[in-house]
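Since the structure comes first, as structure tokens, the remarks are kept for the end.
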């Protein structure tokens, strides 16, 4: 069943890639280029999704993470290159965001659901919650502490990986370590983004 | 003469992205012309969907703490593959017994087919990928901090 | 072919065109139009029952918007 | 199996991802290893500005934190290219390659010069766009043959990988850092700090040599 529609799906996704790349080759403005690169990333996720097995899903997650990580680094390089680093960012002047408990409730829901999910997806969901909270509350957190937490959780995750490979009989321990490690790692990375908003009070 | 002009065009790094994008567009166009591609039906980690199961899109079989059958490339390299898939935490076991609609939430927990692939059989992928995340954030936060001394 | 699959494919193509030819051509319009092909991909994943990838994609695309809006604000802001 | 790079001497298993050392990949691996050790051991050069007409020169001042950061990136880049040299899985190879790409961006992005930063941004854009043919190619390989392992792919029983998909992989690797996109790196070479900048070009040379073996194997 997947085989019948594979080529049709590929036709459309590759077609969108052709259009996106053509636009990219004609674009002159740097920020527009960044947005268009984001567009062609979508096409690559589409090609992976068309495999349609569990493997496809396991390949989509790394693909997504690579994309967002590089976009973050590039946006920062762009700001430095254009000398826009020191400009203040204002929180969108929406009343809901500033005075009400709405961000608190929303981020709590996201963080709780993310921790229940745990693992990779949970990290992204909970991280979104944390990011939303920090960005809305215009609070500056300690960058070093977050980086330390993320580094430690990375070590936890690597240790779990080696348990899986060399001491397979302790798979249960390794599973818990990996799931928690990657959860903390992704959350802290996403919160770092929130800190970078550095909104003026 | 022409080579000189080409090399001068290439050596301006502003023109780098257009050249690469054009090459990608041409190659994707050729790929479209060479469709259809074969789709091999016996894939690794295939899906089987059981709409009646409480683990709905991710029910890959087996009671907890027994080894489930999953199709991997080198079964001899991962002797414990299949245990992770079948494992349910007590919380998710309770969820599975109450409702039919939390399959994805349950599989998001430690345990489940994706954890099997991401952590166990294809763990090296995830190591590399978290490293990419780490490096990219290191670049971003280094530049960010340099801007505000 | 399920309806989700077909609608997803249609949204991908339509969204790509919307991003490539935004009107008016500003950064913000492009950014908003980027949501259309993203929805197409979400429907594509739904048709293959890839729900965890779907949730992750939802989270990640929201984060991308955060990052890009930050850049836009710095650029457009005084 | 007898691949394009000779028959493997030794396997190292990580679940489904099997790392193998054939004479070809082993040679590339050792090259990357030696250079990474060099980067760890060596002291960075100082760039000199010579004032014309006078018998004087000034040393460009580079901050300690910048040097440390770039050294960290160069070591990470070396490790990533070592991984890319020996991995026996197409998708894993793609991930290692994009890690090399982002490390290269990091090495130059830390430099405080407007011109170098512009080059780093453009190169970063290409590296990001390069992941599209790279991951897309790997995904099509998985769909058409049903496997990602290079050892399986070298057998003749599987359906052939379409030629254009091999092109995707090569183009993706080019995007992550190889000629003709190499020209931009000449701009990057204005960045001071010799061993780190050389790491950029060496790593892209190595991944390009490896992708040839990968493509021939399929």
Helix-only mean residue ellipticity at 222 nm, the protein assembly as shown, DSSP H runs n ≥ 4 weighted -39,500 (n - 2.57), per residue, nearest 500. What is it?
-23000 deg cm²/dmol
Average beta-carbon neighbours from other chains, 10 Å sphere, peptide B:79-85:
4
Would you tell me the mean number of C-beta atoms belonging to other protein chains that fall within 10 Å of each C-beta in D:96-108, as a whole number?
5
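Between residue D:115 and residue A:145, what FRET efficiency follows from the Cβ-Cβ distance if R0 is 30 Å, with the result rounded to 0.05?
Numbers: r = 36 Å, r/R0 = 1.19.
Efficiency, rounded to the nearest 0.05: 0.25.
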As I understand it, the value is the acute angle between the Cα axis of helix C:3-20 and the longest principal axis of the Cα atoms of chain C; what does it come to in degrees, rounded to 10?
20 degrees
Could you work out, residue by residue across A:108-120, how many beta carbons of other chains sit within 10 Å of that residue's beta carbon, and then give the average as an integer?
4
So how tilted is helix B:123-147 from the main axis of chain B? Cα-based, degrees 0 to 90, rounded to 10.
50 degrees
Based on the Cβ-Cβ distance of residue C:7 and residue B:71, what FRET efficiency does E = 1/(1 + (r/R0)^6) give at R0 = 22 Å, to the nearest 0.05?
0.10
Exposure proxy ranking, count of Cβ atoms within 10 Å, fewest first, for C:48, A:6, D:11, D:24
D:11, D:24, A:6, C:48
Per residue, how big is the convex hull of the protein assembly as shown when only Cα atoms are used? Give it in Å³.
168 Å³
Counting only backbone N atoms under 15 Å from a point 7 Å out along Cα-to-Cβ of residue D:160, the residues of segment D:202-217 in range are D:216-217
Could you tell me which of rounded, prolate or oblate describes segment A:1-87, using a ≥ b ≥ c as the square roots of the eigenvalues of the alpha-carbon gyration tensor, with rounded for a/c under 1.5 and, failing that, prolate when a/b is larger than b/c and oblate otherwise?
oblate
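Please arrange D:166, A:189 by how many other C-beta atoms lie within 10 Å of their C-beta, fewest to most. Before the final figure, lay out the partial values.
Numbers: D:166 17, A:189 31.
By the 10 Å Cβ count, ascending: D:166, A:189.
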Counting other beta carbons within 10 Å of each Cβ, put A:156, B:133 in order, fewest first.
A:156, B:133
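Please report Rg over Rh for segment C:3-76, where both radii come from the alpha carbon positions and Rh follows the Kirkwood definition.
Answer for segment C:3-76: 1.04.
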Once Rh is set to the Kirkwood radius over Cα pairs, what Stokes-Einstein translational diffusion coefficient, in µm²/s, holds for segment B:44-149 at a temperature of 4 °C and a viscosity of 1.567 mPa s?
82 µm²/s
Within segment B:106-123, name every residue whose backbone N is under 16 Å away from a label modeled 7 Å from Cα of residue B:40 along the Cβ vector.
none
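Read the figures in this text as sums done on the coordinates, not as results from a lab. Keep in mind it's a predicted model, so treat the numbers as computed, not measured. A quick note on method: Cβ atoms are made from the backbone with ideal geometry, for glycine too, and the neighbour counts reach across all protein chains shown.
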